[in-house]
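The values are calculated or read from the model by the stated rules, or taken from the named source; none is laboratory data. No experiment lies behind these values; they were computed from the predicted model shown. We place every Cβ from the backbone using ideal geometry, glycine too, and count neighbours over all the protein chains shown. These accessible areas exclude ligands, DNA and RNA; they are computed on the full protein's heavy atoms, side chains included. Shrake-Rupley method; radii C 1.70, N 1.55, O 1.52, S 1.80 Å.
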Amino acid sequence: MFAAIVFAAITGLVIGSFLNVVIHRLPLGESVVTPRSRCPHCGHEITAIENVPVLSWLFLRGKCRECKAPISPRYPLVELGTGILWAAVVAGAWDDGARIALGLILVTALVPITAIDLEHRRIPNVITGPTAIALIVAGLALDLSGEPTRLMWAVIVAGPFFALALIMSRSMGLGDAKLMGVMGLALGRAVIPALFIAFFAGTLVGLWIMSRHGRQSRKTAVPFGPFLALGALIAFFVGDDIVQWYLDDVIG
Ligand SMILES: [Zn+2]
């Protein structure tokens with residue numbers, strides 16, 4: 001098991017390195033495949049040795065080797081975060097292959113969604129769409145009997161927002177709703193505690209910002225995607241236990 005967790009961590013680091021490219025280029029409408037990455041400051045082409053997850057950033061002390069322009073700490077953080085999340089999913093869902101697969105797909109999507117929503121205040125369809133398809137395919141292949149439940153929860157949590165947009169015949173930003181659907185496909189009934197955690201954390205942070213910057217600051221809205229991602233992560237590990245505890249001890 002230890003070897004598998006180390007392998008997952010290393011794979012996560014490498015995938016995190018690719019997610020950095022996605023986070024940087026996708027909102028600009030650029031290809032995530034070609035060309036090779038360059039320093040945005042001087043155009044210096046990033047070589048393989050300068051592209052080792054986390055380590056290169058540390059050795060270069062967060063600066064371009066050529067022009068010494070600072071490289072955002074977001075790069076090593078995304079790599080480290082993805083590595084830790086991959087290891088945590090494999091360790092936390094160890095005896096359940098389907099859960100591992102759904103969890104890895106989920107966290108791999110949540111990392112760029114969080115980073116892009118924080119910076120650009122939107123959640124791209126080109127991330128939520130393929131993620132939803134990957135979750136359904138993995139669910140059907142590895143846990144066929146559980147798939148109807150996950151599909152149902154995805155429709156329950158995301159459906160009302162789409163219905164509302166349809167009724168109001170207005171193109172609303174449905175990025176958050178689509179992310180909720182993705183969470184339902186990955187978490188099943190655990191999507192409910194995930195949403196509670198997201199709304200609770202989002203409200204707390206919203207109140208905190210208002211208390212510091214006054215009521216006007218409500219207009220400089222905080223993106224909700226990162227809170228949904230936080231709720232999804234917590235719920236992936238303990239959401240089912242929370243639901244079971246609620247059903248057994250609170251209702252039952
Ligand atoms: Zn440079």
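Check each of the trypsin sites (Lys or Arg not before Pro) in segment 109-157 and keep only those in coil by DSSP with at most 15 other C-beta atoms within 10 angstrom; list them in order. Sparse-neighbourhood loop trypsin sites (Lys or Arg not before Pro): ARG121, ARG122. Taking label positions 7 Å along the Cα-Cβ direction at both VAL33 and LEU58, the computed distance is 3.4 nm, reported to one decimal. Each residue, ILE156 and THR47, gets one label point 7 Å from its Cα in the Cβ direction; the gap between the two is 5.6 nm. For segment 1-92, what percent of Cα pairs sit more than 23 Å apart? Considering segment 1-92, 27 percent of its Cα-Cα pairs are separated by more than 23 Å. A 1.4 Å probe run over segment 97-252, with the rest of the protein chains in place, finds 53 Å² accessible per residue. Distant-in-sequence amide contacts of LYS63, defined by a placed amide H-H separation under 5 Å and a gap of 5 or more residues or a different chain, comprise ILE71.
Spin-label model, THR11 to LEU247: label points 7 Å out along the Cα-to-beta-carbon direction sit 3.0 nm apart.
When the chain is treated as a GNM with alpha-carbon contacts under 10 Å, the residue of ILE133, ILE116, ILE167 showing the greatest mean-square fluctuation is ILE167. Scaled against 2.2 N^0.38 Å for its residue count N, the alpha carbon radius of gyration of segment 97-252 is 1.07.
Note on THR149: accessible area approximately 70 square angstrom, rounded to 10, probe 1.4 Å, nucleic acids and ligands left out. The Rg/Rh ratio for segment 88-177 is 1.02, where Rg is the radius of gyration of the alpha carbons and Rh is the Kirkwood radius. Summarised in one figure, the compactness ratio Rg/Rh of segment 30-183, Cα atoms and Kirkwood Rh, is 1.06. Test of understanding: in a Gaussian network model of the chain with alpha carbons linked when under 10 Å, which of LEU55, LEU118, LEU174 would top the mean-square fluctuation ranking? So, out of LEU55, LEU118, LEU174, the one fluctuating most is LEU55. Relative to the longest principal axis of the Cα atoms of the chain, helix 225-245 runs at roughly 40 degrees.
For the pair VAL21 and MET168, the difference between a 0.36 nm per residue extended length and the Cα-Cα distance amounts to 49.3 nm. Could you work out which residue, out of ALA163, ALA98, ALA154, moves most in a Gaussian network model of the chain, that is, has the largest mean-square fluctuation with Cα springs under 10 Å? Maximum fluctuation in the GNM of the chain, among the listed residues, is at ALA163. What a 1.4 Å probe finds exposed on the chain is 69% carbon and sulfur by accessible area, rounded to a whole percent. Looking at segment 1-106, the trypsin sites (Lys or Arg not before Pro) that sit in a DSSP loop and have at most 10 other Cβ atoms within 10 Å of their own Cβ are ARG36, ARG61.
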